[in-house]
Amino acid sequence: MWADLAGIGRSAESGGYRRYAWTAADAECRAWFREQAEARGLVYEVDRNGNQWAWLGDPAAGDAVVTGSHLDSVPDGGAFDGPLGVVSSFAALDELRGRGVTFNRPVAVANFGDEEGARFGLACTGSRLTAGQLTREAAHALRDADGVRLAQAMEAAGHDPDAIGPDPERLGRIGAFVELHIEQGRALDLTRDRVGIASAIWPHGRWRFDFRGEANHAGTTRLADRRDPMLTYAETVLAARREAELAGAVATFGKVAVEPNGVNAIPSLVRGWLDSRAADQDALDTVVAAVEAAARERAQRDGVDLDVVRESFTPVVEFEHALRDELGKILGGAVPLLGTGAGHDAGILSGSIPTAMLFVRNPTGVSHSPAEFAAEDDCAAGVLALADVLEGLACR
Ligand SMILES: [Zn+2]
């Protein structure tokens, strides 16, 4: 399965994957999914939001155990983020059939559409629509960088865009969703574990900092006479690093816009975007408040005006404790629990159904990059853990 997927949507230039929603590469991934379902005699279907399903047992029976992930990628993404979960799901089903188990609940493998949001700018579009966290109107209004609307892209790929919307009836038939995913950090590597269980997805947000000073000549304006917002911005970037370290959180200024952006001009405006995430709300609030306080203090010294706007925010997602504890019991007590700073379909669906996640060790922690990697032994351990979980949940 891994070899079949390896070439799809891969850039020869970067070695990374460019599998964006409703493109030719996406269609190839989806065709692969369908082949895998049909080769195993599973019931294949596409739901109203374009998510793919492969069922073992009667989809209408209810209380189903669903596993899966996504096949799309970020620009120049790695091979594992998403596909590891889908491939492991099919492999876990094969493992269980090899064990000769009897299924007492329907089991399905799912591929959720447009998880990364690389093309239309909104992550987890497929699961969000299904869970009723994104309206049809809002989805229809999404456009890609070329101005193509999501509805047009869906239609061009053969999917009816007018059918999209909440799907409570489908979710009502699912008793548990378990997503396996490559870890996007080094927690498992540091504890030398192959597999871990997710505790929560960290709360995270994005804040825009507008530093306004005064544009002036870089050669003739005395230092003492300047109102240079770049200085304030620089101090704020350092404060973000410092405060994140103090709180055990992460904080990043990864995007910045400068006006007039001239090499010989003191800027009039520096606009920087802060992305911050922490294990809990208090820690996140502390970091952001401290960064803003440091920025304001420095702004005063620099004669700079500062506006801070929160542009987006996602609260903490605690995975259901009962299901999480059950996974722990099935896998034995030694499996570590870990939080994550990354969003997932499992996080979206956890608002509607009991949801859990398994993570597979990533020795470098690198993700969203062609360098993303997981060792074959660790991936195999992930498949066995997922098989044990599915057996524990669906075969008793
Ligand atoms: Zn992912």
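Assorted remarks:
- Verdict on ALA346 being small (Gly, Ala, Ser) and within 16 Å of VAL66 (Cβ to Cβ): yes
- Considering residues of the stretch 340-352 that are within 16 Å of the ligand (Cβ to nearest atom) and outside any helix (DSSP H, G or I) only, the residue farthest from ILE182 (Cα to Cα): SER350
To keep it simple, each residue is scored yes or no on (1) touching a Ser or Thr at 6+ places or on another chain (Cβ under 6 Å); (2) over 30 Å from LEU93 (Cα atoms); (3) in contact (Cβ under 8 Å) with a residue 60 or more places away in the chain.
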| site | (1), (2), (3) |
| --- | --- |
| ASP302 | yes, yes, yes |
| VAL309 | no, yes, yes |
| SER312 | no, yes, yes |
| HIS321 | no, no, no |
| GLY351 | no, no, yes |
| PHE359 | no, no, yes |
| CYS379 | no, no, yes |
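- Residues of the stretch 274-304 classified as of a type outside the set (Gly, Ala, Ser), part of a strand (DSSP E or B) and either surrounded by fewer than 16 Cβ atoms within 10 Å (Cβ to Cβ) or touching a His at 6+ places or on another chain (Cβ under 8 Å) (or both), total: 2
- Meets criteria (in contact with a helix residue (DSSP H, G or I) (Cβ under 7 Å, 6 or more places away or on another chain), more than 13 Å from the ligand (Cβ to nearest atom), at pLDDT 95 or above and within 23 Å of ASN362 (Cα to Cα)) for THR130: no
- On the stretch given as the stretch 1-41, residues that are farther than 18 Å from PRO83 by Cβ and either among the acidic types (Asp, Glu) or in contact (Cβ under 8 Å) with a residue 60 or more places away in the chain (or both) total 2.
- Extreme residue, surrounded by the most Cβ atoms within 10 Å (Cβ to Cβ), among residues of the stretch 64-86 that are away from the ligand (no atom under 13 Å from the Cβ) and closer than 30 Å to PHE120 by Cβ: THR67
- Reported count of residues in the stretch 21-43, each being at positive phi and buried (at least 19 other Cβ atoms within 10 Å of the Cβ), is 1.
- Scope the stretch 189-206; condition away from the ligand (no atom under 16 Å from the Cβ), crowded, with 20+ Cβ neighbours inside 10 Å and either without any contact (Cβ under 8 Å) to a residue 24 or more places away in the chain or not in a loop (DSSP other than H, G, I, E, B) (or both); matching residues: VAL195, ILE197
- Residue within the stretch 172-187 that is on the phi > 0 side of the Ramachandran plot, in the same structural domain as LEU327 (by TED's automatic domain parsing), more than 16 Å from the ligand (Cβ to nearest atom) and surrounded by fewer than 23 Cβ atoms within 10 Å (Cβ to Cβ) present: no
The values are calculated or read from the model by the stated rules, or taken from the named source; none is laboratory data. Small disclaimer: the values here were computed from a predicted structure and weren't measured. A quick note on method: Cβ atoms are made from the backbone with ideal geometry, for glycine too, and the neighbour counts reach across all protein chains shown.
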